[in-house]
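Below is one structure; the comments refer to it alone.
Laboratory data are not the source of any read-out in this text; all were calculated from the coordinates shown. Note that this is a predicted model, so its numbers are computed, not measured. Cβ placement follows ideal geometry from the backbone for every residue including glycine, while neighbour counts extend to all protein chains displayed.
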Amino acid sequence: MKHSKLWKVGSDRRYGCSLTILFSGIVLAGLVGCNSQNQSAEEAAKLDSAAHCVAKGMPSRSAAVRQAASVTASGENGTDDMVLIPGGSFQMGSDEFPDSRPLHTVKVNGFWMDKHEVTNAEFARFVEATKYVTVAERPLNPKDYPGVPADKLVPGSAVFTPPNQQVSLENPLVWWQYVAGASWKHPAGPQSDLKGRENQPVVHVCYEDAAAYAKWAGKRLPTEAEWEFAAQGGKGNRKYYWGEELKPAGKWVANIYQGNFPNQNTTEDGFAGIAPVQTFPANPYGLYDMDGNVWEWCQDLYRPDYYRNSPKENPKGPADSYDPDEPGAVKYVQRGGSFLCSDQYCIRYKAGSRGKGEVSSGSDNLGFRCVRDQK
Ligand SMILES: [Ca+2]
Ligand SMILES: [Ca+2]
C-alpha cells in the first residue's frame with residue numbers, strides 16, 4: 001500500500017470548498033473496499049455453475065438457485081428515481097476556469113441518471129445489505145502516518161465548522177475541522193445521527209465508498225462529460241446551469257451560500273447546511289441539485305489539462321491523475337459545488353467548472369449520484 005501525508009491545506013480559493021482539508025493518503029484499495037461486491041460476483045458465478053450441477057433431480061431448487069444467480073448484487077435492476085438523459089452533443093467546459101479550457105464539443109450516449117443525490121436512507125440500505133464500512137469509519141494504522149501522534153490517528157472526517165468572526169480566506173483550516181467519529185452515520189460528529197436526515201444526501205463518502213454503492217445498486221458513477229451534459233439540461237452552455245441570472249425572478253434556485261463566508265451565512269435560500277434532496281427546482285431533465293447542495297463524485301481521474309486533448313465522444317477521463325497543487329495525490333473529479341459555494345469564495349458551482357478531490361477523503365459537503373447505461 002502506498003501512503004502519503006496526513007493533512008493538506010488547499011491553496012487555491014476557487015478549489016477551496018471542494019476539499020480543503022485532505023485527510024489524505026490512505027490508499028486502502030483492497031483492504032475492505034468492494035470485497036462484499038467482489039464476493040457477490042464470485043458467489044454469483046459459483047451459484048450459476050451450481051445451478052447446472054444440481055439441475056438433474058432437483059429442478060425446483062435448481063430454478064431457485066438459477067434465479068438467485070441472475071440478479072444483481074442488490075437484487076434490483078430498475079430505474080426507479082432515475083431519468084433518461086438523451087444522448088447528444090454539447091459544448092463542454094468554461095472559459096472562466098483554466099482547467100475547464102478550452103470549450104470543446106463533446107458527444108455522449110444516452111444514459112439513465114439518478115434524479116437526486118444518493119440519500120442517507122438509500123446508503124443505509126446498501127450498508128445493511130453488504131455490511132460495508134466506509135473509509136471514514138476504518139481504523140488508521142500508525143505505520144501509514146509517520147510523524148503523526150498516535151492520539152490523532154482516529155477515524156473521522158472533515159466537517160465545516162464556521163468561525164465566529166470574519167477571517168482571511170487564505171487558510172481553510174480555520175473553517176474545516178477533522179472531527180473524530182464523523183462519518184456518514186454521524187455527519188456532524190459522534191453526537192449527531194441520521195434521525196431527520198434520511199432524505200438528505202449522504203456525505204463523508206470517499207470515491208471508493210461511492211463506487212461501491214454504485215456497483216451494489218447495479219449502477220456506476222457518471223463520467224464528467226455525462227454529468228455536465230445532464231446538468232445543462234439541454235439548454236446549452238450558460239453562466240449557471242439554471243440560466244444566466246444568479247437569482248432568476250429574484251429567487252434562489254439552488255442551495256449555495258449567501259452572506260459573508262465563512263462566518264455569516266444569511267441562509268437566504270433557506271438552508272445553512274444541507275437541504276433534503278428535491279427541495280429546489282428540477283432542471284429540464286428532471287434532475288435535482290445538480291448545482292449546489294453537495295459536491296458529487298464523478299468516475300474520471302482529474303488532470304487540469306485534460307480538455308486540451310480529450311476524446312470527442314464519450315470521454316472517460318485521463319489515464320492518470322495530476323494536480324499541480326498536490327502532485328502526489330490521486331484525485332478524481334467532483335462536480336456541481338455545494339452549500340458552501342458563493343461568488344465570494346468557491347465559485348465552482350458555476351456551469352462548466354470542475355472540482356477535484358483526493359481519492360480517500362470525504363467531507364460533510366461531498367456526496368454523489370449514480371448513472372446506468374441505456375440498454
Ligand atoms: Ca444555503
Ligand atoms: Ca449537487
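Remarks
- Subtracting the Cα-Cα distance of THR105 and LYS375 from 0.36 nm times their residue separation leaves 94.8 nm of extension gain.
- Spin-label model, ASP343/LYS143: points 7 Å from Cα along the beta carbon direction are separated by 5.4 nm.
- Each of HIS104, HIS186, HIS116 was scored by other Cβ atoms within 10 Å of its Cβ. Arranged with the fewest first, they read HIS104, HIS186, HIS116.
- Set LYS215/LYS375; LYS195/LYS331; LYS251/LYS316; LYS219/LYS251; LYS247/LYS331; LYS185/LYS235 screened for pairs whose C-alpha atoms are more than 27 Å apart: LYS195/LYS331; LYS251/LYS316; LYS219/LYS251; LYS247/LYS331; LYS185/LYS235
- Centroid-to-centroid separation of the stretch 197-248 and the stretch 335-372 [C-alpha atoms, Å]: 9 Å
- Sequence of LEU173, LEU366, LEU301, LEU194 once ranked by neighbouring C-beta atoms within 10 Å, starting from the fewest: LEU173, LEU194, LEU301, LEU366
- Fewest-first ranking of THR161, THR130, using other Cβ atoms within 10 Å as the exposure measure: THR161, THR130
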